[in-house]
Amino acid sequence: MGKKDKSAKTEKSEKHAKDERALDEQHSAQAEKPAKAEKSDKAEKSAKAEKSAKAEKSAKAEKSAKAEKSDKAAKAAKAEKSEKSAKAEKSAKAEKSAKAEKKQKKAEAKPMADAAPKDEHAKKDESAPEGSRISTPPSARRVLILTGGGDAPGLNAVLRAFVKRAVSHGIQVLGSEDGFSGLLEDRPRVRHLDEAAVRGILPRGGSLLGCSNLANPFEFPVGPKDKRTYEDRSERVAARLRELGVETLVLVGGDGTMNMGLRFQKLGMPVVGIPKTIDNDLGATDFTFGLDTAVDTATWAIDALHSTAEAHDRVMILELMGRHAGWIALCAGIAGGADVILIPEIPYDVDRVATKIRERSAAGSTFSIVVVGEGAFPAGGEISTLTKGRSGHLPRLGGAGQHLAQLLDGKCDHEIRVTVLGHVQRGGSPSSFDRLLGTRFGVKAADLCAEGRTGRLVALRGTVIRSVPLEEAVAKPKLVPPDGELVTAARAVGIEMGAA
Ligand code: F6P
């Protein structure tokens, strides 16, 4: 090989070496680059990882915080919801029970017979009396009140006070219409009495429940008037009361009603009595309500008769109620300034009456007022009656004034007129005394029911309301003592009493 070739070869190999070195450098540079890159990548990665871990952690924390928060919120919402739903449930329940209560009150305000078909028991036993269908079993202690015999001013005061007091004791009150009639008839007439039922009745005469002196369960009239027979239906009444869940029978009445009360007590139906009569003839109490109003009315009548008697120079005879007791005649006669008072307790001598009239004329008083109790009669004579009255019942009194007018005729020169005041004495608004006494009796009777003290009668003794055994109500009538203080006072002011 020539020199030229050799050097060319050398040059070539040098170049090759150079290239190779360059390549190596390049390679190593390239090799260094990925390492560096790896390193930085790693760092980056680790940074990233750290970051992401941190992020993840914080995200997790955030998430869990959020979750916790949302959990709490959910829980709170749940709690709120459940509270709300509890409230809603409570208010729904309250609304329901208010509705039920309203419905019950409405039903109770109705006569019991009206609501009868709604009762379960009624569906089972259509033959049961309607009153018993609706109201068994009672949801509370229950008593039944009725106003027996004739009415008397103050009855509504008794009913009002009794109901109010009984309700305050948690006792339900039923009322039988028209005395025992409401319990005796095939379709009972019995109604619930609550405070709303007795509102506004205090000044009213009569009785919210109505009265009857014909409905006697021990002698119940059956059939038409001309073929009438009498049945003992007392067992039926007692059974009906038991069906109604009545624990005590409360009787507002006079001696006749209290007699029935005693018999029911013996039949096992507990009784509480409240004395009532304008006649004031019940021995167990110093006063019955009704007397005071009757006396007020009769006194007003005497006042009215005075002017017309004077104008016509007449003898005016005023016949007043009271049966065999002279309380109304004596009290009104004294209060009205009568000249003569004749009472059943003092059989009269008509000549004494005529003498009094003549003496007055001689003294310049050309008229006279004579008050006569319907049960008054002349000594040796008889009580004037309108009808005999069936066996075991009092006759209807009437005619005492007319009888006296006939006896006086020819014994004095005056024209004589007779006024029979009659049932006016039992009507009208009760006096404040009767409202007060009726209220006190009603309250006491409800207390006796609450305490379970039955077989008793409420009574005024002196100034105090007490209770006495029912037997005392019928033991003996309370008549005017002929030598008592009232008669003495009458005589002291110049009133002729028809006998010495
Ligand atoms: O007992 C009250 C009384 O008013 C008596 O004074 C009177 O004789 C009798 O009732 C009247 O009864 P009746 O309302 O049945 O006519």
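What the table shows:
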read-out	value
Relative contact order (%) - criterion: Cα under 8 Å, at least six apart; region: region 292-427	33
Reduced Cα scattering model of region 378-455, Debye log10 I(q)/I(0), q = 0.18 Å⁻¹	-0.93
Shape box of region 283-376 [Cα atoms, principal axes, largest first, Å]	45, 27, 16
Two-site FRET efficiency, LYS388 against LYS225, from Cβ-Cβ distance with R₀ of 22 Å, rounded to 0.05	0.90
Rg/Rh (Cα only; Kirkwood hydrodynamic radius) as it applies to region 303-437	0.99
R0 of 25 Å, Cβ-Cβ distance ASP313-LYS411: FRET efficiency to nearest 0.05	0.95
Using distinct alpha-carbon pairs, which all enter the 1/r mean, Kirkwood radius of region 225-346 in Å	17.4
Total charge dipole magnitude, region 292-427, about the Cα centre, Cβ charges on Lys, Arg, Asp, Glu only, Debye to nearest 20	440
Two-site FRET efficiency, ALA475 against HIS423, from Cβ-Cβ distance with R₀ of 35 Å, rounded to 0.05	0.75
Cβ crowding within 10 Å averaged over residues, with 208-215, 423-430, 314-321, 220-227 ranked highest first	314-321, 208-215, 423-430, 220-227
Relative packing of 492-500, 275-283, 254-262, which averages over residues the other C-beta atoms within 10 Å, highest first	275-283, 254-262, 492-500
Surface/4 of the Cα convex hull for region 360-500, nm²	12.9
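No lab work stands behind these numbers, since they all come straight from the coordinates. Only a predicted model underlies this, so the values are computations on that prediction, with no experimental measurement involved. We place every Cβ from the backbone using ideal geometry, glycine too, and count neighbours over all the protein chains shown.
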